[in-house]
1. Which ones in the range 196-219 are in contact (Cβ under 8 Å) with a residue 60 or more places away in the chain, out of contact with any Asp or Glu (no Cβ under 6 Å at 6 or more places or on another chain), closer than 19 Å to Cys21 by Cα and not polar (S, T, N, Q)?
2. Checking the conditions here, which among Ala60, Ala65 is more than 19 Å from Cys215 (Cβ to Cβ), modelled with pLDDT of 85 or more, of a type in the set (Gly, Ala, Ser) and touching a Pro at 6+ places or on another chain (Cβ under 7 Å)?
3. Any idea which of (1) assigned to a helix (DSSP H, G or I); (2) under 18 Å from the mean Cα position of the chain (by Cα); (3) not polar (S, T, N, Q) is the one Trp171 doesn't satisfy?
Amino acid sequence: MAYNSHRALVLFSGGQDSTVCLAHALSRYTHVETVGFDYGQRHAVELECRQTVLDRLREAFPDWARKLGADHMLDLSGFGAISDTALTGQSEIVMLESGLPSTFVPGRNLVFFTYASALAYRRDLRVLVGGMCETDYSGYPDCRHETLEALERALRLGTEFDFAIETPLMWLSKAETWALADRLGGQPLVDLIIEHSHTCYRGDHQTRHDWGYGCGDCPACELRARGYREWHAARDTAGD
C-alpha cells in the first residue's frame, strides 16, 4: 500500500460500533488516534461516554494503551444547526416518506470524514476508520460502501494524500459485530461496551438492558438489542 499503514485515525463517537472499530484498529495498527464530533446531537451524552470508554480501554488493555494516542474533539455545532432532524432536535423519531427514519442527518458522514481528513493530514494519519455498515442499518445512504468508496477517492484527489477509508463493520450484522468484539477483547471488551458505550438516539443512559443502556425502541437500540440476543443465542448454542 502507498499509504502509511501503521497510523490510523478512528472516528469515535463512544457508541458500540465505533468502540469495536477502535479495538479493531488497536489490534492492527501501531499508533491510533481518535476524533469525536459535537454537532448538536440530541444524544450528547455520548460525548461523555466516549471519554469513559477511552479511559476504561487504557485500564483494561495495557497493550492497546501503549498504541492509543491523542483524542480530538471537533466542534461542528454549525452543521447541526442546519440539520432539522430528530437526531439534532426534539422531534419524534418516525419513518419518513423517503423510507428513512427521521434520525437521518443528511451529509453527516461526508462532513465527518472531510473534517477527519483535514486533521489526519496534519498528523500523518492516513488510515481513516469508521463504523459505517450497510448490513444491519437504518438505510442511511452515507453509510453505504459505494458512498465511502467515492469519498475516499475525493479525499485523495482533494489533498494529494493517499488516504484510505476503512470500514471493518461494513458487511457485518450487529450479531457479528458483537462476535468481533468478543474475538478482539473477550468478555472484558464486551462488558465495557455494555456498561460504558452509548448508542441510543434518545440519549437515555439511565435504562439498563442486557445489551447496554438505552430507551429500547429507537432504531439504534432495536438494532443493538437484536444483534446482542442473536449473538448471545448463537454463542450459547455453540457452547452446548
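1. First pass over the range 196-219, keeping only residues in contact (Cβ under 8 Å) with a residue 60 or more places away in the chain: 196-203, 205, 212, 218-219.
Okay, now just the ones that are also out of contact with any Asp or Glu (no Cβ under 6 Å at 6 or more places or on another chain), so 196-197, 199-203, 205, 212, 218-219.
Next, from what is left, pick out any that are closer than 19 Å to Cys21 by Cα: 196-197, 199-200, 212.
His196, Cys200, Gly212 - these are the residues of the range 196-219 that are in contact (Cβ under 8 Å) with a residue 60 or more places away in the chain, out of contact with any Asp or Glu (no Cβ under 6 Å at 6 or more places or on another chain), closer than 19 Å to Cys21 by Cα and not polar (S, T, N, Q).
2. Numbers: Ala65 fails: touching a Pro at 6+ places or on another chain (Cβ under 7 Å).
From the options Ala60, Ala65, the qualifying one is Ala60.
3. With respect to (1) assigned to a helix (DSSP H, G or I); (2) under 18 Å from the mean Cα position of the chain (by Cα); (3) not polar (S, T, N, Q), Trp171 is out only on (1).
Condition check ((1) part of a helix (DSSP H, G or I); (2) out of contact with any Gly (no Cβ under 6 Å at 6 or more places or on another chain); (3) not hydroxyl-bearing (Ser, Thr, Tyr)) across all residues:
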position	(1), (2), (3)
Leu128	no, yes, yes
Cys133	no, yes, yes
Glu149	yes, yes, yes
Phe161	no, yes, yes
Ala175	yes, no, yes
Leu192	yes, yes, yes
Cys221	yes, no, yes
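To keep it simple, each residue is scored yes or no on (1) among the β-branched types (Val, Ile, Thr); (2) modelled with pLDDT under 90; (3) touching a Phe, Trp or Tyr at 6+ places or on another chain (Cβ under 6 Å).
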site: Gly15; (1), (2), (3): no, no, no
site: Leu26; (1), (2), (3): no, no, yes
site: Arg42; (1), (2), (3): no, yes, no
site: Arg56; (1), (2), (3): no, no, no
site: Gly80; (1), (2), (3): no, yes, yes
site: Ile93; (1), (2), (3): yes, yes, no
site: Leu96; (1), (2), (3): no, yes, no
site: Gly99; (1), (2), (3): no, yes, no
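The values are calculated or read from the model by the stated rules, or taken from the named source; none is laboratory data. Computed from a predicted model, the values in this text were never measured in an experiment. Neighbour counts run over all protein chains shown; Cβ positions are idealised from the backbone, glycine included.
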